[in-house]
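The values are calculated or read from the model by the stated rules, or taken from the named source; none is laboratory data. Just so it is clear, the structure is predicted and the values come from calculations on it, not from any experiment. Here the Cβ positions follow ideal geometry from the backbone for every residue, glycine too, while neighbour counts run over all protein chains shown.
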Amino acid sequence: MSSVSKEAPTFIGALAVDGDLKTRWASLRNSNDEWITVDLGVLSEIENMNIYWEGACSDNYQIEVSDDNENWTTVKSSLKTDSSLKDRITFNEPIQTRYVKVHSLKSRSLKYGVSIYELEIFGRYLEEPPVNIALNKSSQASSAFVDTKDGNKEYDSSLAFDGRTDKVDGKQSRWVSARETKNEWIYVDLDDFYSIEKVVLNWEGAGAKEYKVQISDDAENWTDLTHVTDGKGGMTRFEYDGSQSGVRAITGHRAVVPCILSGCGR
């Protein structure tokens, strides 16, 4: 995505593809040139798409596609949000792509930017999509926040690997470390040895400024995969597919951990 609303910094891009029409992505206000990109995970063939706009919609936008998230081709242009705030876009022929971008060039309400409740893309995978091998696996963390003002609810590590971002047992499904600390960590045990292609972190507002993504065969001796020194929060993706210089396909590793070296408050 191009930006997130400063007035509502939790309206991240992931909320436009969570299947929930009650949540939404919101761009910066007083801005015309805004966009949101969806990574389909693998090369796909798309036929049509739906965009459910909030009142802050677009009076001029286009659909762009890319295979590498760098070089873009416009496949639909000069589009204008329908009065119903739902746009159905159909392509004359199926389009092969991995990344899809909705690029707004003119907001209908400039002071609010643009905002999308849900973005749906229909088609088929041309390759086998990746699998979340960390889903509901056992995990550990350096600490867990206990909310004594709300029935001693504990935000333990398992909530980071349950595949949910909504509420579970009355609390938002997320891991929360102890407060006012810097050196915190969380890891998941994958239960077996896998080839790791991608790690995706979906940070809450209390994200990390500096952190490492590490791997281990025994949960004792750790090897750095990535060291981030200027974390931006939100949805963060790391790919290890051998296409980048100095990065090999990662094999034979059992546990993966983001190690937070320096926190950043909300």
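Filter segment 192-223 down to the residues that are acidic (Asp, Glu), over 30 Å from Leu15 (Cα atoms) and in a strand (DSSP E or B) and list them by number.
Of everything in segment 192-223, just one residue is acidic (Asp, Glu), over 30 Å from Leu15 (Cα atoms) and in a strand (DSSP E or B), namely Asp192.
Which of the strands (runs of 3 or more DSSP E) found entirely inside segment 1-98 contain at least 2 residues meeting this: loosely packed, with under 14 Cβ neighbours inside 10 Å?
The strands (runs of 3 or more DSSP E) meeting that bar are 34-53, 73-79.
With respect to Ser177, is the statement that it is among the polar types (S, T, N, Q), within 23 Å of Ile12 (Cα to Cα), outside the structural domain of Leu21 (by TED's automatic domain parsing) and part of a loop (DSSP other than H, G, I, E, B) true?
Judged against the criteria, Ser177 is a match.
If you go through segment 126-155 one residue at a time, how many are in a loop (DSSP other than H, G, I, E, B), free of Cβ contacts under 8 Å to residues at least 24 places away in the same chain and more than 21 Å from the chain's Cα centre (by Cα)?
Going through segment 126-155 one residue at a time, the tally reaches 5.
Looking at segment 123-163, which of its residues are within 30 Å of Thr90 (Cα to Cα) and at pLDDT 90 or above?
The answer is Gly123, Arg124, Tyr125, Leu126.
Among the candidates Ser109, Ser83, Ser78, Ser66, which residue alone is among the small types (Gly, Ala, Ser) and within 17 Å of Ser31 (Cα to Cα)?
Answer to the check: Ser109.
Looking at Leu85 and the list (1) without any contact (Cβ under 8 Å) to a residue 40 or more places away in the chain; (2) of a type in the set (A, V, I, L, M); (3) farther than 21 Å from Thr23 by Cβ, which single condition is not satisfied?
(3)
Among what's in segment 171-201 and is among the aromatic types (Phe, Trp, Tyr) and surrounded by fewer than 18 Cβ atoms within 10 Å (Cβ to Cβ), pick the residue that is modelled with the highest pLDDT.
Phe193
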